[in-house]
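Here the structure is laid out as structure tokens; the discussion comes afterwards.
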Amino acid sequence: MNKLIKNGIVVTASDVQRADVAIENGVVTAVGQNLPDNGAEIVDADGCYVFPGGVDPHTHLDMPFGGTVTIDDFESGTIGFAAGGTTTIVDFCMHEKGKSLQHSLDIWHEKARGKAVIDYGFHMMVGDLRDEILDEIPKLVEEQGVSSFKVFMAYKNNLQAEDKTLFRVLQRAKAAKALVQVHAENGDVIDALVEDALASGNVEPVYHALTRPPEAEGEATARAIELARLAGAPIYIVHVTCREAVEAISRARRRGQPVFGETCEQYLVCDHTDYERPGFEGAKYVMSPPIREKSHQEALWNGLFNGDLMVLGSDQCSFNFKGQKELGKEDFSKIPNGGPTGEERMGILYEYGVVQGRIGLSKFVDLTSTTAAKLFGLFPKKGTIAVGSDADIVIWDPNVERTISAATQYLKCDYSLFEGFKVHGKARDVLLRGEYVFQNNEFVGAPGTGEYVPQKPFEYK
Ligand code: URP
Ligand code: ZN
Ligand code: ZN
Ligand code: ZN
């Protein structure tokens, strides 16, 4: 049914204005004042902001990792994302070394089909260097709508690729008009530090952080950037957590190199002391790179403010505390890495960014939606509210005050990283291509209504 959103304040990455938004057949047909209703259903957004649906470009749903599989799949995971205002995700398709990229992509399509309640695209991880694999890169860009490729510089003996692989992927991706993403930590050094810790009997969760120091992230970030410079290719650094990495990105950008940085909300608000929680609770915060000392948060906020960090991803990768995180009770290196972060990505940035005065509303939209859509070939279909764009829209009530808790989250995961946080603002209504996924804070969507959105080739300037 056609809809007319009235009385709200429409926020895009460039404007904040009181306006109506007309929706027909799933797309925005007009943005302006006093639009006629033409028999459309009226959606009253009085007192609310009208944001483009969030685009989260860093998610891991139904992913086998650390000897188990993430508890949230494409159904529970995307319901959680939608609850928080995100209407598109780009999930990481994990390449099984030895198999073709297409094989892994087919598996990921199967995981999402019939389950997702919001739209989704895929990045493709590249794990090995066979010629056939590299030859698949242009095919995926041209025929499969995948124009972003991920290389891991960490997780030794598992996902980690050699520098040569990264370099080759950079060369091939550049030629194919694709963007390379890296998980930048020095996996070899981390492997040595983990060996040392375990040999000394240091097995508690805090040693996860102590064996993955910021220097290991800074070094890998700088190395990845230099390899990209050598290849003449753009590069995107996922989940930046520390001053050292922000500085490497900043230096490159100051000399005009196309380097794009992403951080995640947990790195802005959690800190190293969370690893020292009693009763193995620190395991909830075990993710890579680790949560840092509080002093790093200022560098991240500054990076978001000045553009060195351009995107807020969630790195949603949830494992239950009971039964999954507990796999590492006797050995921190066996704790599955990752946390339930997708649902509160926008909520945390809204509170700690907008409400606390660190960023404005347009910047909030840019960081949570617009730039990710641009970098990953989804703009202007996704990432904005403009004539012709998909009517993926969040009606955000800034007056709500709420306390985040696992008890009320939609994600299946049995804990929240942000338990007890008091925040303002909430996605009241969430529309995907003009249809409600959440209406008046109630889930009204249906598994399978989310569609695959192919990425266009990379062309961000
Ligand atoms: O700990 C994390 N971040 N788990 C997900 C995989 C990754 O490295 O992004
Ligand atoms: Zn990673
Ligand atoms: Zn990740
Ligand atoms: Zn208040």
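What follows draws every value from the coordinates through simple rules; no lab data is involved. Not measured: the values here are computed from a predicted model. Here the Cβ positions follow ideal geometry from the backbone for every residue, glycine too, while neighbour counts run over all protein chains shown.
By how many nm would the segment from Val355 to Val69 grow when fully extended, if each residue of separation counts as 0.36 nm and the alpha-carbon distance is taken off?
Result: 99.4 nm gained on full extension.
Taking the Cα centre of the stretch 267-353 as origin, work out the dipole magnitude from +1 charges on Lys and Arg Cβ and -1 charges on Asp and Glu Cβ, in debye rounded to 20.
So the magnitude is around 240 debye.
How big is the gap, in Å, between the Cα center of the stretch 214-235 and the Cα center of the stretch 420-461?
Here the answer is 33 Å between Cα centres.
Specify the inter-centroid distance of the stretch 113-147 and the stretch 274-297, based on alpha-carbon positions, in whole Å.
Distance between centres, Cα-based: 32 Å.
Averaged across orientations, what area in nm² does the convex hull of the alpha carbons in the stretch 163-245 project?
Answer in nm², one decimal: 5.7.
Show me the GluC sites (Glu not before Pro) within the stretch 261-355 that DSSP assigns to loop and that have at most 14 other Cβ atoms within 10 Å of their Cβ.
Glu293, Glu330
Using the Cβ atoms and a cut-off under 11 Å, what net charge is assigned to the surroundings of Lys111, where Lys and Arg are +1 and Asp and Glu are -1?
Summing Lys and Arg as +1 and Asp and Glu as -1 gives -4.
Which angle from 0 to 90°, rounded to the nearest 10, does the C-alpha axis of helix 163-175 make with the longest principal axis of the chain?
Helix 163-175 sits at roughly 30 degrees to that axis.
Where Lys and Arg each count +1 and Asp and Glu each count -1, what net charge lies around Lys6 among other residues with Cβ under 12 Å from its Cβ?
The answer is -3.
Based only on Cα atoms, what Rg/Rh ratio does the stretch 107-173 have, Rh being taken as Kirkwood's radius?
Rounded to two decimals, Rg over Rh is 1.02.
Looking at the stretch 41-186, send over the antiparallel percent of its DSSP beta bridges, to the nearest 5.
About 10 percent, rounded to the nearest 5.
Based solely on C-alpha atoms, express the radius of gyration and the Dmax of the chain in angstrom.
Rg, Dmax (Cα atoms, Å): 21.0, 73.
Going Cα to Cα from Lys115, which aspartates and glutamates come in below 13 Å? Please leave out same-chain ones fewer than 8 positions away.
Asp62, Asp72, Asp73, Glu75, Glu451
Strictly greater than 23 Å: what percent of every Cα pair in the stretch 77-193 meets that?
Across the stretch 77-193, Cα pairs with separations above 23 Å total 34 percent.
Apply 1/(1 + (r/R0)^6) to the Cβ-Cβ distance of Tyr460 and Glu419, taking R0 = 41 Å, and write down the FRET efficiency to the nearest 0.05.
Step by step, r from the Cβ atoms, then E = 0.65.
Could you pull out every one of the lysines with an alpha carbon less than 21 Å from that of Lys177, ignoring same-chain neighbours closer than 8 positions?
Correct list for Lys177: Lys139, Lys150, Lys164, Lys374, Lys381, Lys382, Lys456, Lys461.
Once every DSSP H run of n ≥ 4 in the chain is given -39500 (n - 2.57) and the sum is divided by its residues, what mean residue ellipticity at 222 nm do you get, rounded to the nearest 500 deg cm²/dmol?
-8000 deg cm²/dmol
Which order results if Ser200, Ser147, Ser416, Ser405 are arranged by neighbouring Cβ count within 10 Å, fewest first?
Least crowded to most crowded, the residues run Ser200, Ser405, Ser416, Ser147.
Sketch the reach of a paramagnetic label on Ala175 as a point 7 Å from Cα along Cα-to-Cβ, and name the residues of the stretch 65-105 whose backbone nitrogen lies under 19 Å away.
101-102
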